[in-house]
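Okay, structure first, notes after.
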Amino acid sequence: MAVVIVIDDEPLQRGILKAILMDEGYEVYTAESAEEGLKIIGEQDADVVLTDLNMAGMTGIQMLEHLPDVPSRPAVVVITAYGTINSAVEAMKKGAFDYLIKPLEKDVIIHVVAKAAERMALLKENIRLHNELFSKFNMDGIIGRSKKMTEVIDVVRKITATPVTVLIYGESGTGKELIARAVHYNSPRKNAPFTPINCAAIPDNLIESELFGYEAGAFTGASQRKAGLIESSEGGTLFLDEIGDLPLLTQAKLLRVLQDKEVRRLGGKDTIKINVRLIAATNKDLEKEIEKGKFREDLYYRLKVVTVTLPPLTERREDIALLVNFFISKYNAEFEKQISGIDGRALKLLSDFHWPGNIRQLGAVIERAVLMADTTVISLDDIKSELKQPVSCGIMDIEIPDEGIVFEELEKQLLKQAMQKANNVAAKAARLLGMSYKTFWYRLEKFGINIPTGTRPPKDAAHGDL
Ligand SMILES: Nc1ncnc2c1ncn2[C@@H]1O[C@H](COP(=O)(O)OP(=O)(O)OP(=O)(O)O)[C@@H](O)[C@H]1O
Ligand SMILES: [Mg+2]
């Protein structure tokens, strides 16, 4: 039941109000001055305060001004004498919920306090929901409130408790490993190993011995038995990053391991039962790799039980401010700095940037800014040298910045701009860039720029006269 604090310097009135409200089932505390009332409000997590306005010492209005300006502050009902209605109006302006006029009537008191208590119950429920939602957005340091990230986090929550295989898609630096770790560390497997392996970083001739292990004498140089990474992740999670780079033969062996739930070391006869969850990640389009004969279709279907697609940062710019604050706190703690925030112009630059390195790049920019900033607020000067400006206007006035440019990025920007300028009429855009129509299409496809449907040239034409 709601907690009500009655503040009145007249003992008789205090007593009557207390009796009426206790009868209604409220938990009631009384105070004989505003000062004492404030103290009790703080101690009791009050829902409703019923206070007289004219009291010796601090008045009811002054007490209102002393209440903390937080959403959970109690609803205040002021009691005013007939003829002093102006002070009730003033109290309402200061945030009182309602007022009662003396002489008090029992029914009115009960009605007004009930209304106030109901409002507080609603408010508290809202605050609880908000907190719950907010903690959800911050699952294990995964920052993001955009629709796309919220959807990702929802999926992650649903799959952590299950043993299903997960396939994570995303450009470099979008958080694929972060998601994989979140799945593992929120799953019942969290006390067993999480083993990340970057398939692109291990030479083809070593990947199998790394994954499956080997017996002594399996190949030249295998002097003693070694367990593979699959085996040593027993009970835990194996994270195969860049799975699109796994050689075809290894793909076949991996599929068998997944299907049979057992592994055989290279040169070994016996199989070893395993219980390992697989999470795979890639920034390649695996369906295209299948078409090219570079990825096994059967493995693909085995992997994509659940897929999670991480949006590039430019598709969730509304998360940038949140991420910036997150990284400021993180690097404040790391470097023992006290940066309090970022100014508007700097945030605007970050919000408009094209972020080829996604969140990893944003993190690095803020890390450097926190380290270098001379004042407590990050400004344009602290970040601008780190950001290569996207080409923003006429083709002729491109200035090469001191750090140099990534030529392909520049080309991509130009292609996009030309399409925009030509209202998505490809022939016109090609003319603007002095390219043949076919060359233009080839380059759009190469950079994966969205091609408006209906304007695509015949399939064999795209690779024609280059
Ligand atoms: N939503 C996020 N909230 C907070 N930090 C993030 C988020 N996404 C990514 N990061 C941080 O950005 C960095 C890059 O993330 P991660 O290594 O997971 O990316 P990746 O997709 O695996 O990149 P790559 O393809 O280059 O391997 C990490 O420091 C990670 O903690
Ligand atoms: Mg990674």
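Each reported figure results from applying straightforward, stated rules to the coordinates on display, with no laboratory input. In this text the structure is predicted, and so the values were computed from the model without any measurement. Cβ sites come from the backbone with ideal geometry, for glycine too, and all protein chains shown count toward neighbours.
Shown here for the range 141-234: chymotrypsin sites (Phe, Trp or Tyr not before Pro) in loop regions (DSSP other than H, G, I, E, B) with at most 14 other Cβ atoms within 10 Å, namely PHE219. A simple charge model with +1 on the Cβ of Lys and Arg, -1 on the Cβ of Asp and Glu and nothing else charged puts the dipole of the chain at about 2280 debye relative to its Cα centre.
Taking the Cα centre as origin and putting +1 on Lys and Arg beta-carbons and -1 on Asp and Glu beta-carbons, what dipole magnitude results for the range 144-309, to the nearest 20 debye?
On the way: 26 positive and 22 negative charges, 110 e Å.
With only Lys, Arg, Asp and Glu charged at Cβ, the dipole is about 520 debye.
Amide H contacts of PHE194: THR237, each under 5 Å away and 5 or more positions distant or on a separate chain (H built 1.01 Å from N in the peptide plane; Pro and chain starts excluded).
Computed on the range 277-389, with alpha-carbon pairs under 8 angstrom and 6+ residues apart, the relative contact order is 25 percent. Take the range 1-108, drop everything but the C-alpha atoms, weight them equally and run the Debye formula without solvent; then report log10 I(q)/I(0) at 0.13, 0.18, 0.22 Å⁻¹ to two decimals. Treating every Cα as an identical point scatterer, log10 I(q)/I(0) equals -0.41, -0.82, -1.28. Once you keep just the Cα pairs under 8 angstrom separated by 6 or more residues, what percentage relative contact order results for the range 3-133? Taking the mean separation of contacting Cα pairs over the length of the range 3-133, I get 22 percent. Ordering VAL308, LEU211, HIS66 by the projection of their Cα atoms onto the charge dipole of the chain, which places +1 on the Cβ of Lys and Arg and -1 on the Cβ of Asp and Glu, puts LEU211 at the extreme positive end.
List the trypsin sites (Lys or Arg not before Pro) within the range 172-260 that DSSP assigns to loop and that have no more than 16 neighbouring Cβ atoms inside 10 Å. Provide the component values of the computation, followed by the final result.
Working: sites: LYS176, ARG181, ARG189, LYS190, ARG225, LYS226, LYS253, ARG256; in loops: ARG189, LYS190, ARG225.
Hits after loop and neighbour filter: LYS190, ARG225.
Spherically averaged projected area of the convex hull of Cα atoms, the chain: 35.2 nm².
Contact order, relative form, for the chain: 10 percent (alpha carbon pairs under 8 Å, 6 or more residues apart, mean separation divided by residue count).
Applying a threshold of 28 Å to the alpha-carbon distances of LYS115/LYS147; LYS148/LYS273; LYS384/LYS428; LYS176/LYS288 flags LYS115/LYS147; LYS148/LYS273; LYS384/LYS428 as lying beyond it.
The alpha-carbon of LYS158 sits under 17 angstrom from the alpha-carbons of these aspartates and glutamates, leaving out residues fewer than 8 places away in its chain: GLU132, ASP140. Summed over qualifying helices (DSSP H, 4 residues or more, each -39500 (n - 2.57)) and divided by its residue number, the chain shows a 222 nm mean residue ellipticity of -13500 deg cm²/dmol.
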